[in-house]
1. Ranking request for peptides 47-58, 207-218, 169-180: highest mean number of other beta-carbon atoms within 10 Å first, then the rest in descending order.
2. From the Cα gyration tensor of the range 1-49, with a ≥ b ≥ c the square roots of its eigenvalues, which class applies: rounded if a/c is under 1.5, or else prolate if a/b is larger than b/c, or else oblate?
3. What is the range 39-139 by shape, rounded, prolate or oblate, if you read a ≥ b ≥ c off the alpha carbon gyration tensor as root eigenvalues and call it rounded for a/c under 1.5, prolate for a/b larger than b/c, and oblate otherwise?
4. Please work out the C-alpha center-to-center distance from the range 1-65 to the range 202-280 and express it in whole Å.
5. Under a GNM of the chain (C-alpha, springs under 10 Å), which listed residue has the highest mean-square fluctuation: 126, 150, 18?
6. Along the Cα→Cβ direction, 7 angstrom out, place labels at residue 116 and residue 190. What is the inter-label distance in nm?
7. When you count, for each residue, the other Cβ atoms within 10 Å and take the mean per peptide, how do 129-140, 240-251, 191-202 rank with the highest first?
8. Run the paramagnetic zone check for residue 173: 7 angstrom along Cα to Cβ, then residues of the range 206-221 with backbone nitrogen under 20 Å.
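Any read-out appearing in this document is the output of simple, stated calculations on the displayed coordinates, not a laboratory observation. None of the values given here were measured: they were computed from a predicted structure. Cβ sites come from the backbone with ideal geometry, for glycine too, and all protein chains shown count toward neighbours.
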Amino acid sequence: MSDSLVTEAPAKLNLSLRVLRKREDGFHEIESLMVRVPDLCDRLTVRLSDEDAFTCSDRTVPADGSNLVIKALSAYRAASGFARDVAIHLEKNIPHGAGLGGGSSDAAATLQSLDQLNGNLLGNGRLIEIAAGLGSDIPFFLGSPAARVRGRGEVIEPATPPPAMPVVLLKPSFGVATPDAYRRWLDSKELPGISYAPQVFPWGELSNDLERPVFSKHLFLAEMKAWLLKRPEVSGALMSGSGSTMFALLRDESAAEGLVAAARSELDPTLWAWHGIIGG
């Protein structure tokens, strides 16, 4: 059995996200179509060690018990009795506070890596149960690359992926706190002149009920969406999850670099950007 594992932890996009109600347990009932972004990944290295250690390439990522990787390690130990010390290094490529599920994917990769180092003692089904107790998005990363997600995020049904589509991701320098977006959902109102209507495609639709509360607080994100929807190379644009990443589906992959350059020129020169393919 190897004493070291390197695992890729991919980002995700919410192609649709409906918020149905606030539940009695304090979470919100949702329905979402989620897809992985296979070429945008954090990289997690877990190795058996003489003492526990956690390091990260991004110094802004907390290294204490609030980090989902540390929480996943503690939860795995509690469920399995795994007592070995481990050194974990996280190479961050997915920005945090972005609505791309980076922290959740890192936690899922931690659970998978630990179970592999422990001889696959628990198996994927039990890992999904542990993941659901840690965070609503984490179970998705232990299942299929596209899924219909319900409940508070723990009810996952594999879905047919949409066809392969070129996509551009754009994120400003600020992030959005997911609890704040949900807390403000019920009383939020639409901004005049901004389209919140579902964007219909043969494979499904783009829609996100969290745009309303997030846009009302972060007007720049509303401006980004309106700007993207006016671009001729863009077939659809939406905020992913609770933001702050906006994504644009393109009519042609060759337009990606030009769109990024235009966004940095006309909107914000400091935008983080990524482009690639989802679905297929």
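1. So the order, starting with the most tightly packed, is 207-218, 169-180, 47-58.
2. Here the range 1-49 falls in the oblate category.
3. oblate
4. Value for the Cα centre distance between the two parts: 22 Å.
5. Of 126, 150, 18, the most mobile in the Gaussian network model is 126.
6. Result for the modelled spin labels: 4.6 nm.
7. The densest-packed peptide leads the list: 240-251, 129-140, 191-202.
8. 217-221
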